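Following: one structure in structure tokens, then a few remarks.
The values are calculated or read from the model by the stated rules, or taken from the named source; none is laboratory data. The shown structure was predicted, so the numbers you read here are calculated from the model rather than taken from an experiment. Glycine gets a Cβ as well: all are built from the backbone with ideal geometry, and neighbour counts include every protein chain shown. Quick note on the areas: whole protein, heavy atoms, side chains included, nothing else; ligands and nucleic acids left out. Shrake-Rupley method; radii C 1.70, N 1.55, O 1.52, S 1.80 Å.
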Amino acid sequence: MEMKEIIRGNMATALAAKMARVDVVPAFPITPSTLFPEKISEYIANGELDAEMILVESEHSAISAAIGASAAGARVATATASQGLALMHEVLFIASAMRLPIVMAIGNRALSGPINIWADHSDTMAERDTGWMQFYAENNQEAFDLMLMAFRIAEDRRVLLPAMVGLDAFTLTHTMEPVDYPSQEEVDDFLPPYQPPYTLDVNRPMTFGSFATPESYMEFKWSHTRALEESPPVIDEIFEEYKKRFGREYKRVTGYMTEDADVIIVAMGSVSGTLREAVRQMRKDGIRVGAVKITTFRPFPFKEIVELCGGAKIVAIAERAISPGFAGPLFGEIAGAFINQPSRPLISDFIIGLGGRDVTLKDFREIASTALKEAEEGRVEPLVKWININPEEAPPGGE
Amino acid sequence: MTVVIRNTDKELFTSGHRGCAGCGEMTAVRQVLMVAGPNTIVANATGCLEVASTGYPETAWAIPWIHVAFENAAAVASGVEAALKKLGKKEGVNVLAFAGDGGTFDIGLQALSGMLERGHDVKFFTFDNEAYMNTGIQNHRLLPGPSEEGEEGP
């Protein structure tokens with residue numbers, strides 16, 4: 001039986017964690033994710049959730065305690081953002097290398113400096129090589145669904161990897177939206193209790209986190225990488241099962257009006273809805289434009305990107321992160337997806353919405369027209385274009 | 001204080017590890033485990049003990065053992081203890097943490113402070129050899145500091 005509530009994104013992820021019957025939640029407050037631990041704490045106080053909450057003294061300890069709890073056999077969730085995620089950095093690699101299916105909601109927020117609490121994807125992009133799965137929600141419904149599915153995917157014996165579920169700061173974390181959710185009985189049926197293959201068990205002693213020499217380190221990395229590479233069919237299978245059970249369809253990457261498009265704009269997260277609306281409006285004006293939304297950034301959907309975008313003249317990447325000295329991080333991934341194709345579209349990079357700057361329909365029109373002009377000229381120069389930037393307002397640098 | 005060394009059928013910290021001959025830390029750990037017994041889970045900070053006792057695929061630990069990083073043994077132990085409580089497996093199980101003096105009082109101080117304040121049922125053991133020894137005798141901020149002959153510690 002479906003129920004509906006009008007809730008903030010943080011409440012959607014907390015609700016999913018509650019319905020997943022998490023055992024342990026180690027958490028530390030950080031804007032814009034604080035409502036997650038607050039809500040979990042309320043569920044426990046109200047007797048709606050039987051879980052141990054650990055009020056840690058930092059995000060570094062939050063993820064460290066999550067590892068201890070998960071290794072001891074608990075289902076573990078937490079939430080963080082921005083600086084908190086960055087503080088976890090060294091430990092994130094260890095969580096995934098131990099193959100612990102921890103699920104973490106990320107209120108995607110800009111990294112300092114300067115300090116800024118609003119939306120972009122620089123925090124999770126900086127953690128793309130930590131060996132975690134990464135999912136990005138477009139709205140609060142997706143935040144709930146992806147959070148719930150993340151437990152099932154992460155705990156699947158064919159995967160056994162931790163997962164981040166990204167929801168854009170404020171645009172989703174703090175915005176009230178209607179969210180449909182199943183009954184507890186239906187969730188229990190979809191997500192049975194966590195059965196870890198290995199735990200810290202006094203009846204079956206095991207060593208977790210041993211020292212690896214050059215003779216074994218590469219095999220650990222290889223095995224871990226292979227698990228991520230082989231996870232897409234499992235993710236697809238669980239997305240499909242979710243659709244059958246609850247009626248909502250998910251894809252690792254979703255195309256919109258891509259078939260005959262000259263220019264395809266690729267985006268992630270909450271701007272995807274704005275992008276589709278911009279595409280609808282531009283189509284009315286006769287512009288052959290399409291949209292692609294990436295939901296699963298790790299494992300990266302190489303094949304699907306090529307299938308969706310391969311027929312376009314140009315792919316315009318609209319990304320909320322920058323790798324200074326390179327381009328946006330998504331540019332590298334998408335260019336990589338096409339590099340061995342016999343023919344490929346031009347690939348053009350646009351930086352949008354850093355630190356919560358609004359991304360509007362007009363911005364996507366500008367991206368589409370710039371990219372179409374590049375396609376006409378047959379060259380992408382400069383490679384990276386910053387949308388909605390005021391160079392006159394930029395602070396002075398060196399001489 | 002009286003320490004009762006239990007008669008265990010087997011060693012819980014076994015021979016074959018790569019501790020230096022006469023290393024005090026290995027002896028101390030072996031004796032702690034003789035007292036704690038087999039119903040024990042250890043969270044270990046990065047350092048000599050972790051390096052010398054767990055070169056994959058071997059391990060000197062005949063009890064469940066986990067190592068994550070340098071500064072967070074207290075936080076990892078907190079998570080283990082909380083999970084055991086929630087899963088109804090805490091009864092009769094000791095959760096121990098092992099760290100050097102740097103991993104306890106210097107880089108490890110924050111996590112230790114949090115663990116103590118929250119009141120987890122974890123026993124934290126520090127092997128105090130008065131410097132960062134695994135990397136080669138560097139200074140840290142546990143007082144009194146390592147003193148040279150003729151100098152007073154602070």
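Computed values, structure above
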read-out: Karplus 3J(HN,Hα) series, Hz, for the range A:103-117 with 6.51 cos²θ - 1.76 cosθ + 1.60 (x for Gly, Pro); value: 10, 10, 7, 10, x, 3, 9, 4, 8, 5, x, x, 4, 7, 9
read-out: Under 5 Å, built H, 5+ apart or other chain: amide partners of A:GLU177; value: A:ILE7, A:ARG8
read-out: Label point distance in nm, A:VAL306-B:VAL51, each placed 7 Å from Cα along Cα→Cβ; value: 4.5 nm
read-out: Antiparallel content of DSSP bridges confined to chain A, in %, to 5; value: 25 percent
read-out: Share, in percent, of DSSP beta bridges within the range A:253-389 that are antiparallel, nearest 5; value: 20 percent
read-out: Spin-label zone in the range B:50-68 - amide nitrogen under 16 Å from a point set 7 Å from the Cα of A:GLU90 along the C-beta vector; value: B:50-51, B:67-68
read-out: Backbone N within the range A:356-383 under 14 Å of label point (7 Å from A:ASP285 Cα along the Cβ vector); value: A:360-373
read-out: Two-site FRET efficiency, B:PHE125 against A:ILE44, from Cβ-Cβ distance with R₀ of 51 Å, rounded to 0.05; value: 0.95
read-out: Label-point separation, A:GLU277 to A:GLN341 (7 Å along Cα→Cβ), nm; value: 3.0 nm
read-out: Once exposed loop trypsin sites (Lys or Arg not before Pro) are cut out (DSSP; at most 15 other Cβ, 10 Å), longest piece of chain B; value: B:19-140
read-out: Summed buried accessible area for B+A [probe radius 1.4 Å, Å², rounded to 100]; value: 2800 Å²
read-out: Portion, in percent, of the accessible area of the range A:171-282 that falls on carbon or sulfur, probe 1.4 Å; value: 52 percent
read-out: Accessible area expressed per residue, the protein assembly as shown, with surrounding protein chains retained (probe 1.4 Å, Å²); value: 44 Å²
read-out: Charge context of A:TYR250, other residues only, Cβ under 15 angstrom, K/R +1, D/E -1; value: -2
read-out: For chain A, the longest site-free run once trypsin sites (Lys or Arg not before Pro) in DSSP loop states with at most 15 other Cβ atoms within 10 Å are removed; value: A:1-156
read-out: Spin-label proximity, A:MET3 to the range A:169-195 - amide N less than 16 Å from point 7 Å beyond Cα toward beta carbon; value: A:178-189
read-out: Cβ-Cβ FRET estimate between A:ASP260 and A:LEU383, R0 fixed at 35 Å, reported to 0.05; value: 0.85
read-out: Estimated 222 nm signal from helices in chain B, with DSSP H stretches of n ≥ 4 weighted -39500 (n - 2.57), rounded to 500; value: -8500 deg cm²/dmol
read-out: Chain A, helix-only ellipticity at 222 nm - DSSP H runs n ≥ 4, -39,500 (n - 2.57), divided by all residues, nearest 500; value: -12000 deg cm²/dmol
read-out: Amide H contacts under 5 Å for B:THR40, placed H, 5+ residues apart; value: B:ASN94
